[in-house]
Amino acid sequence: MGDRKVHNRKQTIDGIEQAIEQLQASQGKLSISAVAKMAGVTPALIHNTYPDLAEKIRGLVGKATRTQRDAKHSALVREREINRTLRQELVETRATIAKLASVNQTLLNEMAVLKGIATGKVVAILRAREPSSESSPR
């Protein structure tokens, strides 16, 4: 009868380990309950009778959680850097637009004056400076 218990224990351990491997391979949710269900045992059996396997599962769950967290953190850092670059580009683009708007308005004003002069509707009022009597040397 002792051999039968050893044999059953070995089969149960093998079944639990196979369930762990299958859940990892299928990218399924890894938990003690999921492993127990797949192995055909109760979660309490894994917790109480096979604490080393329970700890292995907890470790794998923790690693999976850490891996996911680290991947998300890396993605967040990358996206923040992209966001920072885009914000800087936006500031530079707005400054360029403001400069171009100013140049554009100046050119529009010049063009309106030149069109007026060309059509004779605007008279140039600027005259050459005449020497004034106050500023001329005596």
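The values are calculated or read from the model by the stated rules, or taken from the named source; none is laboratory data. Just so you know, these numbers come straight off a predicted model, no measurement behind them. Counting neighbours? That spans all protein chains shown, and the Cβs are built from the backbone with ideal geometry, glycine included. These area figures cover heavy atoms from the full protein model, side chains too; ligands, DNA and RNA do not enter into them. Shrake-Rupley method; radii C 1.70, N 1.55, O 1.52, S 1.80 Å.
Kindly provide the set of residues from the stretch 60-102 that are within 30 Å of Ser33 (Cβ to Cβ), of a type outside the set (S, T, N, Q) and open to solvent by 90 Å² or more (accessible area, probe 1.4 Å), ordered by number.
Scanning the stretch 60-102 gives Lys63, Arg66, Arg69, Lys72, His73.
For the stretch 59-110, which residues satisfy the criterion of being in contact (Cβ under 8 Å) with a residue 24 or more places away in the chain and either farther than 30 Å from Glu21 by Cα or small (Gly, Ala, Ser) (or both)?
The one that is in contact (Cβ under 8 Å) with a residue 24 or more places away in the chain and either farther than 30 Å from Glu21 by Cα or small (Gly, Ala, Ser) (or both): Ala64.
Given the conditions (1) farther than 23 Å from Gln68 by Cβ; (2) without any contact (Cβ under 8 Å) to a residue 12 or more places away in the chain, which single one is not true for Thr12?
Result: Thr12 fails condition (2) only.
For the stretch 30-41, give me each residue that is open to solvent by less than 40 Å² (accessible area, probe 1.4 Å) and among the polar types (S, T, N, Q).
Across the stretch 30-41, the qualifying residue is only Ser31.
Yes or no, residue by residue, for (1) surrounded by 10 or more Cβ atoms within 10 Å (Cβ to Cβ); (2) charged (D, E, K, R); (3) touching a helix residue (DSSP H, G or I) at 6+ places or on another chain (Cβ under 8 Å):
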position: Ile20; (1), (2), (3): yes, no, yes
position: Gln27; (1), (2), (3): no, no, no
position: Pro43; (1), (2), (3): yes, no, yes
position: Tyr50; (1), (2), (3): yes, no, yes
position: Arg58; (1), (2), (3): yes, yes, yes
